[in-house]
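Heads up: the structure comes next, in structure tokens.
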Amino acid sequence: VGKRALPAVAVTDPDPVAMVRVSARPGDVILAVAPASDTAVRSVMRRAPAWGTTTVWIGNGPRPPAGAADHVLWLDDPDPRLPATGRFVLLYHLLWELTHVCFEHPGLLSTSAPECTEEVCVTCSDEGRLAEVIAPRAAADGRALVRTAAGEELVDTLLVEPVATGDLVLVHAGSAITRLDEDGA
């Protein structure tokens, strides 16, 4: 309740490869809940990179081979009743919560960042850039327009709200992570 819904397609076709092939678009996420022995799911996961999709495989028992999916959430317990237990549901809820963290902090998903050309990736480093708020809530998704040494950019300010024009913030990976006093503290 109160969380953003995602468009989804449940694949129940006897030939899931054909169904996913026509349903998936580049940028989609294919989520499978199945044992590693499910050959149809293995076939979908194998083809997914060619379709431009990201794959998540949730299951239990023997694990799928390394690299079978982009992300694997697995319980090693082979009990076929496991999907009905709290441990399995916990995996689902973990994925649900992480997905909604990304929705609530859109700067985490920013694709406008330049590609890494330096020896150390700015997104992966412990880099923080000083920015001045130009317009709070400048974008429909709640991001603020800020000015940095590199120019103007939209950043997620949900961690430091409310912000006002002229506020100084420290920006890391597309998100304002703290507000700063005029003296830099």
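The values are calculated or read from the model by the stated rules, or taken from the named source; none is laboratory data. Predicted model, so just to flag it, every value in this text is computed and none were measured. In this analysis, Cβ positions are derived from the backbone assuming ideal geometry, glycine residues included, and neighbour counts consider all displayed protein chains.
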When you scan the range 38-52, how many residues do you find that are surrounded by 15 or more Cβ atoms within 10 Å (Cβ to Cβ) and not basic (Lys, Arg)?
-> 7
Would you check which residues across the range 35-76 are among the β-branched types (Val, Ile, Thr) and assigned to a loop (DSSP other than H, G, I, E, B) and list them?
-> 53
Take the range 127-170 and flag every residue that is within 16 Å of residue 105 (Cα to Cα) and touching a His at 6+ places or on another chain (Cβ under 9 Å).
-> 156, 158, 159
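Residue by residue through the range 62-74, note down the ones that are over 16 Å from residue 92 (Cβ atoms) and touching a strand residue (DSSP E or B) at 6+ places or on another chain (Cβ under 8 Å).
Here is the first cut: in the range 62-74, the ones over 16 Å from residue 92 (Cβ atoms) are 62-68, 70.
Once the filter is applied, which keeps residues that are over 16 Å from residue 92 (Cβ atoms) and touching a strand residue (DSSP E or B) at 6+ places or on another chain (Cβ under 8 Å), the range 62-74 yields 63, 64, 68, 70.
Let's see how each residue does on (1) at pLDDT 85 or above; (2) farther than 30 Å from residue 141 by Cβ:
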| position | (1), (2) |
| --- | --- |
| 1 | no, no |
| 51 | no, no |
| 65 | yes, yes |
| 71 | yes, no |
Hey, could you check the range 133-185 for residues that are of a type in the set (S, T, N, Q) and not in a loop (DSSP other than H, G, I, E, B) and say which is surrounded by the most Cβ atoms within 10 Å (Cβ to Cβ)?
-> 175
Result of the Cβ filter at 8 Å on the range 35-52, keeping first residues that are at positive phi and partners that are part of a helix (DSSP H, G or I), at least 6 apart or interchain, is none
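Looking at the structure I just gave you, is residue 8 touching a residue at least 12 places away in the same chain (Cβ under 8 Å) and farther than 17 Å from residue 91 by Cβ?
Numbers: touching a residue at least 12 places away in the same chain (Cβ under 8 Å): no; farther than 17 Å from residue 91 by Cβ: yes.
Against the criterion (touching a residue at least 12 places away in the same chain (Cβ under 8 Å) and farther than 17 Å from residue 91 by Cβ), residue 8 does not qualify.
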Complete set of residues in the range 1-33 that are more than 22 Å from the chain's Cα centre (by Cα) and under 24 Å from residue 76 (Cβ atoms) = none
Say whether the condition of being over 21 Å from the mean Cα position of the chain (by Cα), surrounded by 14 or more Cβ atoms within 10 Å (Cβ to Cβ) and without any contact (Cβ under 8 Å) to a residue 12 or more places away in the chain is met by at least one residue in the range 53-75.
-> no
